[in-house]
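J.: Would you mind keeping the following structure in view while I ask a few things?
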Amino acid sequence: MFFFRIMIMSFRSLWVHPLRSVLATLGVIIGVAAVVAAMAILEGMSARFATGFESMGSNKLYIMPAVQRRGHRTVGVFDSLKLADADAILKECNAIRTAIPQVMNAGLVKYFSKNTNASILGSTEQYCKVNSHEVAEGEFINRSDVQTGASVAVLGANVKRELFGGRPALGERIKITGAMGARGFTVIGVMEAKGNVAFTDVDKQIIVPVTTAMDKLYGLKAVSAIVAEAVSPDDAKIDEAKAQIKKLLRARHKIRAGKPDDFQVQAQKEFVKQFAMFQNIFGVVLWSIAGISLVVGGIGIMNIMLVAVTERTREIGVRMAMGAQRIDVMQQFLIEASVVSFLGGALGVLMGWGMAGMIENLTRLFETITTAWAVAMALGMATFTGIISGLYPAWKASRLDPVEALRYE
Amino acid sequence: MAALIHLENLTKHYQMGETMVRALDGVELQIQPGEFVAITGASGSGKSTMMHLLGCLDRPTTGAYWLDGELVSAMTDRQLAVIRNRKIGFVFQTFNLIQRTSALDNVSIPLFYARVTRVAELARRALDRVGLGPRASHAPSELSGGECQRVAIARAIVNEPKIILADEPTGNLDTRTGKQIMDIFHELHQSGVTIIVVTHEMSVALQAERIIRMRDGKIVEDRPVDRAEKTRGEEATEPATPDREPSPPMARRAKV
Ligand SMILES: Nc1ncnc2c1ncn2[C@@H]1O[C@H](COP(=O)(O)OP(=O)(O)OP(=O)(O)O)[C@@H](O)[C@H]1O
Ligand SMILES: [Mg+2]
């Protein structure tokens, strides 16, 4: 009750100079906005990566064509990885237990009058095991489908829903249009729903034999990646596997000593490490911004509170004459400082939230996630700043001599 | 100790560089409960200093002050604040209302620090007592000087103090409004409150029961006001000339 009345009192005195109050809290507003936005982005990215990586074993290696440069300009990627490379890796590298060639492309899919865009993944019968992603109905493509280049397709959960709704899809004929024109495929399976995996919506995918994708849909001579699994996730084994792959592919691609690779090998673990490092750097930058702007914000608040104490010296004298204890005066100004700061923080949260939303709409890479925890922490930080920076002005107010204060002009 | 206020050899000194100002210089004084006292004297004679000490806003340099049987000159800041809150009501020349808050909120301040509940009800009752109930929601800037001073009086009486201390309460008001204010003091006096008014207007001082005149931090005269004198004081419309030595004729005549 007492506290509540002080709150009302401080709202009133802030309302007397609304613009001044806002300017004084600008530091806090910006600081909190930056923190909230950055945390929403970080949180969103983490969520994306986490769902991707935990379902993909950390003994995975990605072999991709190297980026082709002319001078400093990137002009594309090499057409260096061949289907046969995947077989060779599996056969020759004893630190590797699986190697799946993949091509990934966009395609237009049609079932009678229904159309949809999907990503067409050319893969092998090993896909399910490596990605821990199973068929929900029907069956997956098998080894002979891959060998013969069969026109069979396994639909992602969303693709199935968009084309067939609730009706059965198995055995139906769909048309996929790739770079080489439209081709008919028989639906042999539907995958279970899985959502986003590392920035790819696997439910919007259609999986076809890699050979079919290369020869009949897109006319490709090279694969876009080879996904390999090391025999163990040990760092030593992963390094050994990388070394074996490099040696083998350089030999197969006839690259002379001293020339750069026309491919790159990245371990899943390194992605995770890189992301963790990025996350840490981002975190440090984030907290530095937060720290600096809260210090600046704190100075702003201390300044406005010192002005308020001077302006209201007489009021303080009157309050003391009416029986206010020193602690009452101190409390009044402390609460005022934290109220300004808290309100600044609240504005900052709104701004940060808006900023995160804007970034989400502009980049469309991931969803930003503003957690209640982040909001509570930002507000807590703002209020804490208010209390700390209000401390000195409030103390000054409470130490005033009542007689001097009453005489103050 | 029966006296409400008992001062014993009270001094208040201010060190101003080399010189020492004796704002109060050995004051002896007793005031009984229910008295109506006027303190007069030339500018700089120590009236306000006396008021601040009586009001427990300040501590004496030496000497003792008993208020209602308690030795307040030895109290801590915290205890003094409680005394000011419970036993004393202040009325100032410049009203000292908090701007931009309503009359009701201003009157609520002492209740607020007394941690009482029913704040609004008690504050409204105090405003009613000074005839400003209908103006409760008005801010000081929307009130006349006389009304502001009435709000200030309501604020002074809201905690039902034993003593009202008023330093030049009519100093910023015209004669007629000043009289209204003095009338309210009379009413409060009738209801048993002890009233101490600092003034250098003789017409105001004569409305009290007792006049204390100060000079150079000392009490130089302390006498009751007789009825005939009082009537003259009430009739006087012009403020008396500032009190200087030698005393103005009216005061000298009264001595005889
Ligand atoms: N804080 C202070 N520091 C130094 N001297 C002071 C202080 N307060 C009062 N004095 C001095 O003490 C003396 C008495 O001052 P006080 O204010 O009590 O006079 P007063 O009788 O109220 O005068 P006035 O009628 O002008 O209000 C004056 O000489 C004044 O200069
Ligand atoms: Mg004075």
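The values are calculated or read from the model by the stated rules, or taken from the named source; none is laboratory data. Not measured: the values here are computed from a predicted model. Virtual Cβ from ideal backbone geometry, glycine too; neighbours counted across all protein chains shown. Surface accessibility is based on the protein's heavy atoms, side chains included, excluding ligands, DNA and RNA. Shrake-Rupley method; radii C 1.70, N 1.55, O 1.52, S 1.80 Å.
J.: Name the most mobile residue of B:F36, B:F92, B:F112, meaning the one with the largest mean-square fluctuation, in a Gaussian network model of chain B with Cα contacts below 10 Å.
T.: Of B:F36, B:F92, B:F112, the most mobile in the Gaussian network model is B:F112.
J.: Antiparallel as a % of all DSSP beta bridges within the protein assembly as shown, to the nearest 5? Intermediate results must be reported in sequence, preceding the final value.
T.: Values: 67 of 94 bridges.
Of all bridge pairs located within the protein assembly as shown, approximately 70 percent are antiparallel.
J.: Shifting gears a bit: Under 5 Å between amide hydrogens, which residues at least 5 positions from B:A38 or on another chain qualify, with H placed 1.01 Å from N in the peptide plane?
T.: Under 5 Å from the amide H of B:A38: B:V197, B:E209, B:R210, B:I211, B:I212.
J.: While we're looking at this one, here's another question. Among DSSP beta bridges whose residues both lie in chain B, state the antiparallel percentage, nearest 5. Mind showing how you got there, number by number?
T.: Values: 23 of 41 bridges.
Roughly 55 percent of the DSSP beta bridges within chain B come out antiparallel.
J.: Now for a different question. If a/c stays under 1.5 just call it rounded; otherwise compare a/b with b/c (prolate if a/b is bigger, oblate if not). Do that for chain B, with a ≥ b ≥ c from the square roots of the Cα gyration tensor eigenvalues.
T.: Values: a/c = 1.72, a/b = 1.20, b/c = 1.43.
Oblate is the answer for chain B, as a/c is 1.5 or above yet b/c matches or exceeds a/b.
J.: Karplus couplings for the range A:350-359 from phi (6.51 cos²θ - 1.76 cosθ + 1.60, θ = phi - 60°), rounded to Hz, Gly and Pro as x?
T.: Residue by residue, the range A:350-359 yields 4, 5, x, 5, x, 4, 4, x, 5, 4 Hz.
J.: Which aspartates and glutamates have a Cα lying under 16 Å from the Cα of A:K273, excluding residues fewer than 8 positions away in the same chain?
T.: Output for A:K273: A:E54, A:D234, A:D235, A:D239.
J.: Please list, in order along the range B:69-83, the HN-Hα scalar couplings obtained from phi with the Karplus expression 6.51 cos²θ - 1.76 cosθ + 1.60 (θ = phi - 60°), rounded to whole Hz, x for Gly and Pro.
T.: Values per residue, Gly and Pro as x: x, 10, 7, 6, 5, 10, 8, 7, 3, 4, 5, 4, 4, 5, 4 Hz.
J.: Ok, one more. Suppose R0 equals 30 Å. What FRET efficiency, 1/(1 + (r/R0)^6) with r the Cβ-Cβ distance, do B:S141 and B:R78 give to the nearest 0.05?
T.: Numbers: r = 34 Å, r/R0 = 1.13.
My answer for the efficiency is 0.30.
J.: Quick one: 3J(HN,Hα) in Hz for the range A:291-300, Karplus 6.51/-1.76/1.60 with θ = phi - 60°, rounded, Gly and Pro as x.
T.: Along the range A:291-300, the couplings run x, 4, 6, 6, 5, 4, x, x, 5, x Hz.
J.: Okay, moving on. Extending each Cα 7 Å along its Cβ direction at A:K91 and A:L362, get the distance between those two points in nm, one decimal.
T.: About 5.2 nm, to one decimal.
J.: Other chains' Cβ within 10 Å of A:322-331 residues: what's the mean?
T.: Numbers: counts 19, 18, 7, 8, 3, 2, 4, 1, 0, 0.
Neighbouring Cβ atoms belonging to other protein chains average 6 per residue here.
J.: Once Rh is set to the Kirkwood radius over Cα pairs, what Stokes-Einstein translational diffusion coefficient, in µm²/s, holds for the protein assembly as shown at a temperature of 4 °C and a viscosity of 1.567 mPa s?
T.: On the way: Rh = 32.5 Å.
D, rounded to a whole number, is 40 µm²/s.
J.: Quick check on the range B:15-143: take the gyration tensor over C-alpha atoms, sort the square-rooted eigenvalues as a ≥ b ≥ c, and tell me if it's rounded (a/c under 1.5), prolate or oblate.
T.: Taking the square roots of the gyration eigenvalues as a ≥ b ≥ c, the range B:15-143 is prolate.
J.: Share of the protein assembly as shown's accessible area from carbon and sulfur, percent, 1.4 Å? Mind showing how you got there, number by number?
T.: Numbers: 17860 of 31110 Å².
Roughly 57 percent of what the probe reaches on the protein assembly as shown is carbon or sulfur.
J.: I want to check the label-to-label distance for A:E404 and A:V231. Put each point 7 Å from Cα in the C-beta direction and report it in nm to one decimal.
T.: Label-label distance for A:E404 and A:V231, simple model: 8.4 nm.
J.: Report for the range B:140-222 the percent antiparallel among DSSP-assigned beta bridges with both residues inside it, nearest 5.
T.: Values: 4 of 9 bridges.
Bridges in the range B:140-222 are about 45 percent antiparallel.
J.: Related question: Quick one: plug the Kirkwood hydrodynamic radius of the range A:79-261 (C-alpha pairs) into Stokes-Einstein at 37 °C, 0.692 mPa s, and report D in µm²/s.
T.: Numbers: Rh = 17.2 Å.
For the chosen part, D equals 191 µm²/s.
J.: Follow-up question, since we're still on this one. Once fully extended, how much extra length lies between A:L23 and A:R69, figured as 0.36 nm per residue of separation less the alpha-carbon to alpha-carbon distance? Intermediate results must be reported in sequence, preceding the final value.
T.: On the way: separation 46, 0.36 × 46 = 16.56 nm, distance 5.06 nm.
Residue separation times 0.36 nm, minus the Cα-Cα distance, leaves 11.5 nm.
J.: How far is the Cα center of the range A:226-262 from the Cα center of the range B:128-172, in Å?
T.: 92 Å
J.: Moving to a separate point now. Which residue, B:Q207, B:Q15, B:Q79, tops the fluctuation ranking in a GNM of chain B built on C-alpha contacts under 10 Å?
T.: Between B:Q207, B:Q15, B:Q79, it is B:Q15 that shows the largest mean-square fluctuation.
J.: Build a GNM of chain B with springs between Cα atoms under 10 Å: which of B:E221, B:E168, B:E18 gets the top mean-square fluctuation?
T.: Evaluated over chain B, the most mobile residue of the options is B:E18.
J.: Okay, helix-only estimate at 222 nm for chain B: each DSSP H run of n ≥ 4 adds -39500 (n - 2.57), divide by all residues, round to 500 deg cm²/dmol; what do you get? Can you show the working numbers first?
T.: On the way: 9 runs with 90 residues, N = 256.
Calculated at 222 nm, the ellipticity per residue is -10500 deg cm²/dmol.
J.: Run lengths n ≥ 4 of DSSP H only: what is the helix-derived mean residue ellipticity at 222 nm for chain A, with -39500 (n - 2.57) per run over all residues, to the nearest 500?
T.: Working: 13 runs with 221 residues, N = 409.
Mean residue ellipticity, 222 nm, calculated: -18000 deg cm²/dmol.
J.: Let me ask you something else. Mind checking which lysines have their Cα closer than 23 Å to the Cα of B:K218? Skip sequence neighbours fewer than 8 apart in that chain.
T.: List returned: B:K12, B:K47, B:K255.
J.: For the range B:32-139, which trypsin sites (Lys or Arg not before Pro) are both in a DSSP coil and crowded by at most 15 other Cβ atoms within 10 Å?
T.: Those that pass, being in a loop and sparsely packed, are B:R100, B:R115, B:R118.
J.: Beta carbons within 10 angstrom, averaged per residue: use that to sort the peptides A:65-77, B:148-160, B:21-33, highest first.
T.: Result, highest mean first: B:148-160, B:21-33, A:65-77.
J.: Taking H as built 1.01 Å from N, whose amide H comes closer than 5 Å to the amide H of B:I219, not counting residues under 5 places away?
T.: Those lying under 5 Å, H to H, from B:I219 are B:E28.
J.: Oh, and also: Can you give me the accessible area per residue for the range B:74-126, using a 1.4 Å probe, in Å²?
T.: On the way: 2290 Å² over 53 residues.
Heavy-atom SASA per residue in the range B:74-126 reads 43 Å².
J.: Using a 10 Å cut-off on Cβ to Cβ distances, tally the other chain neighbours for every residue of B:104-111 and report the average as a whole number. It would help to have the intermediate numbers written out before the result.
T.: Values: counts 0, 4, 2, 0, 2, 8, 5, 2.
The mean count of partner-chain Cβ atoms within 10 Å per residue comes to 3.
J.: Same structure again: Going through the range A:75-105, which trypsin sites (Lys or Arg not before Pro) have at most 10 other Cβ atoms within 10 Å and a DSSP loop state? Intermediate values should be presented prior to the final figure.
T.: Working: sites: A:K82, A:K91, A:R97; in loops: A:K82.
Listed in order of number, the matching sites amount to none.
J.: I would also like to ask the following. Could you tell me the distance between the Cα centroids of the range A:73-103 and the range A:337-398, to the nearest Å?
T.: 50 Å
J.: A:I96's amide H: which non-local residues (gap 5+, or another chain) put their own amide H closer than 5 Å, with H modeled 1.01 Å from N in plane and none for Pro or chain starts?
T.: The list, which skips near neighbours in sequence, is A:V231.
J.: Lysines near A:K114 by alpha-carbon distance under 21 Å, same-chain residues fewer than 8 away left out - which ones?
T.: Those lysines meeting the cut-off are A:K160, A:K175, A:K204.
J.: Give the interface area between chains B and A as buried accessible surface, both sides summed, probe 1.4 Å, in Å² to the nearest 100. Walk me through the intermediate numbers first.
T.: On the way: alone 12590 and 20910 Å², together 31110 Å².
Buried surface at the B/A interface: approximately 2400 Å².
J.: Taking the solvent-accessible surface of protein heavy atoms with a 1.4 Å probe, what is the per residue accessible area of chain A in Å²?
T.: Working: 19680 Å² over 409 residues.
Per residue, chain A has an accessible area of 48 Å².
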